[in-house]
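The structure appears right after this line, and notes come after that.
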Amino acid sequence: MAPITLGTPKPAKRKRTKAEQQNIAYLYLLPAFIVMGVIAFYPLLYQAAVSFTDFAIKDLRSGFASENLKWVGLKNYQDILTGGLPVQDFEFFRTLGFDFWWALSNVALHVPAGVLVAVLLNTQGLWFKKIYRGLYILPVVFPSIVVATVWRNIFDGQYGAMNQALTSISQLFGSVDPVRLRWLEEYAQPIPGMLPGVPLVWAYYAMMIANFWLGWPFMCVVATGALQSIPKELYEAAEIDGASGPQQFWNITVPMLRPTMVPAAVLGFNTTFNLFGLVFWMTGGGPARATEILVTFAYDLTKNQGLYGAAAAFAVIVFIVAMILFLITNRITRATESYDAA
Amino acid sequence: MTNTSANPISRLFNMNTSGEKGGRYLPLWRQLILQVVCILIAITVLFPIMYIITLSLSSSGSRPSTLQLIPTEFSLVAYQQVLDRPTGNPVTFVELLKNSLMLSLGVAGVALMIAVSAAYAFSRLKFAGRQFLMMAVFFVILMPGIGLALPLFLLFNGVRVTDPTSGSVIFNLRNSLVGVGIAMISGALPFAIWNLKGYLDTIPKELEEAAIIDGASANRVFYQIVLPLAAPALAVTFFLSFMGNWQEFVLSWLFLTNPADFTLAMSLYNMTGKYATEIPWNRFSAMALIIASPVAVIYIALQKQIVGGLTLGGVKG
């Protein structure tokens with residue numbers, strides 16, 4: 001405010017400027033909030049209302065004016081949580097558990113891998129650094145829907161590249177049978193009981209491989225940026241004090257990377273938790289909803305089942321989960337901030 | 001070491017390409033081990049890419065019986081066929097491209113135009129309820145895309161024009177590209193506000209303050225000082241939005257039923273999975289590479305700004 005007072009000597013004018021600024025601000029916000037009011041806030045309220053009804057295909061034509069529409073209270077929510085939905089193979093808490101595990105296991109692999117490759121590429125005197133950096137960015141460059149479809153073909157049970165590669169490898173060991181693993185359809189679990197209550201079928205591992213390919217290069221890019229901002233003097237001082245390479249890594253590199261990598265990991269977790277594209281395009285949630293995450297199931301309820309009331313309730317639940325996740329992850333990010341300050 | 005930097009070939013073999021000075025001497029045996037590791041990583045990165053490039057350059061539509069990662073023939077038949085008739089539907093590639101472009105550019109442009117003044121207000125002006133309104137914007141960003149798809153589907157489905165004589169539906173907002181575009185703006189707009197506000201926060205305020213002292217009105221400051229300064233940020237936000245819209249699939253797949261309205265992303269989905277049995281893999285691969293190309297080119301050109309913007313958003317959460 002100070003510059004305004006300096007530039008406007010008359011007190012009357014200063015007052016007007018301040019009130020004017022308020023009005024200007026609201027005027028500038030008006031278009032955005034009108035649009036968001038119509039296509040975001042109102043629909044969200046409408047959705048909350050729909051979630052207390054038995055809205056279905058029969059009501060599509062006239063909406064809330066429909067004579068057949070019944071208010072069912074919390075029945076939709078109850079059905080979702082207790083398995084009362086007329087949908088096969090769906091269990092809310094299994095899907096929620098899988099979604100958590102899916103996001104967590106991905107980030108737990110992507111972040112260390114990204115950091116390690118970034119450190120590797122930061123090695124002084126390494127040849128062809130720029131070529132490798134250019135190559136390793138390629139997965140980030142590819143649109144994720146293209147990546148998902150390509151990986152889907154790679155994991156094809158009959159003609160996929162993965163089975164063909166495995167066949168060539170097994171032939172080296174004297175096997176003659178071609179590998180015919182139905183990656184995306186098989187019900188069997190390669191490691192039974194790895195996650196209590198949640199079956200992890202082959203498709204989960206196929207999705208993990210595809211998403212690993214997709215995910216670590218982004219973490220590597222972020223880590224590279226952070227690595228290059230670490231002052232070289234720290235390593236030189238450590239060198240003089242006789243610290244070994246691993247000691248330098250754990251006591252300089254890791255703590256200095258933490259403020260950057262923790263928010264990146266949080267961002268990665270939230271993105272993966274709601275990663276519609278890859279899951280929908282690779283497995284569609286199958287087999288038997290074993291790889292379904294919350295958002296793909298919400299989509300199925302809307303698109304294929306036509307259970308709009310239940311789908312609305314489910315969307316409200318998804319939003320509450322997203323909210324809780326945000327609050328938790330926000331705390332984690334804040335925690336590192338205070339760690340830095342201390 | 002410094003005098004070789006002009007020659008690209010000598011630069012290729014230059015020991016220290018990152019511009020770092022000094023440092024330890026890297027023994028040859030370690031160099032070789034690290035090179036092997038780097039090449040192995042490069043192979044895993046290139047594996048799916050080489051796989052579809054090879055497939056797309058094959059003239060045979062049959063499914064590959066053995067793994068081939070290096071193209072043995074360079075046939076553009078698949079590309080030609082895809083451009084001719086991409087899907088089983090009687091829709092040309094140009095029509096699909098037009099739909100995709102209109103949707104991506106239109107949504108990115110409209111969202112940006114509405115967002116920029118709001119972002120400016122959030123970044124620079126002080127007013128009652130600022131915190132609350134910013135939370136409202138963030139609230140929508142937090143909502144997974146699918147959460148808004150259903151109510152918009154139901155609401156737009158009610159907007160229809162029927163022929164008064166025959167009673168048949170002439171226009172249904174839900175089943176139109178315009179409807180999908182409006183629905184996509186609900187996600188693109190809060191993102192654009194948030195992203196632009198983040199960029200505007202990093203632009204120094206001195207110029208604007210000087211203009212205010214000189215008596216410039218708020219509108220003049222906005223149009224003549226802030227907008228020109230924010231041009232790079234506007235461009236990056238536009239392209240980020242474009243890249244997202246280019247891949248958008250959820251809303252269009254949920255809303256649209258008429259093949260003439262389909263987008264490229266939807267057609268790619270049609271070529272895979274349970275519908276894929278009749279689509280030759282070489283055409284699928286060609287289509288995938290065509291769809292990937294604009295996003296890839298934009299990303300490579302704006303890599304620094306995009307990564308910076310994404311991490312900025314992540315840190316500021």
Only one of A:VAL146, A:VAL140 is assigned to a helix (DSSP H, G or I) and open to solvent by less than 10 Å² (accessible area, probe 1.4 Å), namely A:VAL146
Of the residues in the stretch B:164-192 that are away from every other protein chain (no Cβ under 11 Å) and within 20 Å of the chain's Cα centre (by Cα), the one that is modelled with the lowest pLDDT is B:PHE191
Scanning the stretch A:183-198 for residues that are surrounded by 12 or more Cβ atoms within 10 Å (Cβ to Cβ) and closer than 11 Å to A:PRO287 by Cα gives A:TRP183, A:LEU184, A:GLU185, A:GLU186, A:TYR187
* For the stretch A:60-73, does any single residue satisfy the condition of being surrounded by 17 or more Cβ atoms within 10 Å (Cβ to Cβ) and charged (D, E, K, R)? -> no
Filtering the stretch B:88-118 for residues that are more than 14 Å from every other protein chain (Cβ to nearest Cβ) and aliphatic (A, V, I, L, M) leaves a count of 9
- Query: open to solvent by 30 Å² or more (accessible area, probe 1.4 Å) and outside any loop (DSSP other than H, G, I, E, B), is that true of A:VAL119?
  - Reply: yes
If you go through B:MET135, B:MET184, B:MET102, the only one that is in a helix (DSSP H, G or I), touching a residue at least 24 places away in the same chain (Cβ under 8 Å) and surrounded by fewer than 15 Cβ atoms within 10 Å (Cβ to Cβ) is B:MET102
For the stretch A:232-258 the number of residues that are of a type outside the set (A, V, I, L, M, F, W, C), over 19 Å from A:VAL117 (Cβ atoms) and more than 12 Å from chain B (Cβ to nearest Cβ) is 6
Reported set for the stretch A:199-217 where residues are crowded, with 21+ Cβ neighbours inside 10 Å and not in a helix (DSSP H, G or I) is A:LEU200, A:VAL201
Residue pairs within 6 Å by beta carbon, gap of at least six or interchain, first lying in the stretch A:171-182 and more than 15 Å from B:SER65 (Cα to Cα), second open to solvent by less than 70 Å² (accessible area, probe 1.4 Å) and not in a helix (DSSP H, G or I), listed first then second, are A:ARG182/A:GLY157
Within the stretch B:195-209, is even one residue touching a Lys or Arg at 6+ places or on another chain (Cβ under 7 Å) and small (Gly, Ala, Ser)? yes
Output for Cβ contacts, cut-off 7 Å, separation at least six or different chains, first residue open to solvent by 40 Å² or more (accessible area, probe 1.4 Å) in the stretch B:38-63, second in a loop (DSSP other than H, G, I, E, B), reads B:MET50/B:LEU69; B:MET50/B:ILE70; B:ILE53/B:PRO71; B:SER59/B:GLU73; B:SER59/B:SER75; B:ARG63/A:TYR159
Selection from the stretch A:191-233 of residues modelled with pLDDT of 90 or more and polar (S, T, N, Q) yields A:ASN211
Contact list, first residue from the stretch A:259-283 and within 9 Å of another protein chain (Cβ to nearest Cβ), second anywhere and of a type in the set (Asp, Glu) and open to solvent by 20 Å² or more (accessible area, probe 1.4 Å), beta-carbon distance below 7 Å, six or more apart or interchain, is A:PRO259/A:ASP340
A:ASN163 fails exactly one of (1) more than 7 Å from chain B (Cβ to nearest Cβ); (2) outside any loop (DSSP other than H, G, I, E, B); (3) touching a residue at least 24 places away in the same chain (Cβ under 8 Å), namely (3)
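In this structure, is B:ALA111 surrounded by 14 or more Cβ atoms within 10 Å (Cβ to Cβ), in a helix (DSSP H, G or I) and assigned by TED's automatic domain parsing to the domain that holds B:ALA183? Let's see the steps before the verdict.
Working: surrounded by 14 or more Cβ atoms within 10 Å (Cβ to Cβ): yes; in a helix (DSSP H, G or I): yes; assigned by TED's automatic domain parsing to the domain that holds B:ALA183: yes.
For B:ALA111, the condition - surrounded by 14 or more Cβ atoms within 10 Å (Cβ to Cβ), in a helix (DSSP H, G or I) and assigned by TED's automatic domain parsing to the domain that holds B:ALA183 - is met.
The values are calculated or read from the model by the stated rules, or taken from the named source; none is laboratory data. The shown structure was predicted, so the numbers you read here are calculated from the model rather than taken from an experiment. Here the Cβ is made from the backbone with ideal geometry for all residues, glycine too, and neighbour counts use every protein chain on show. Remember, those area values only see protein heavy atoms, side chains included, never the ligands or the DNA or RNA. Shrake-Rupley method; radii C 1.70, N 1.55, O 1.52, S 1.80 Å.
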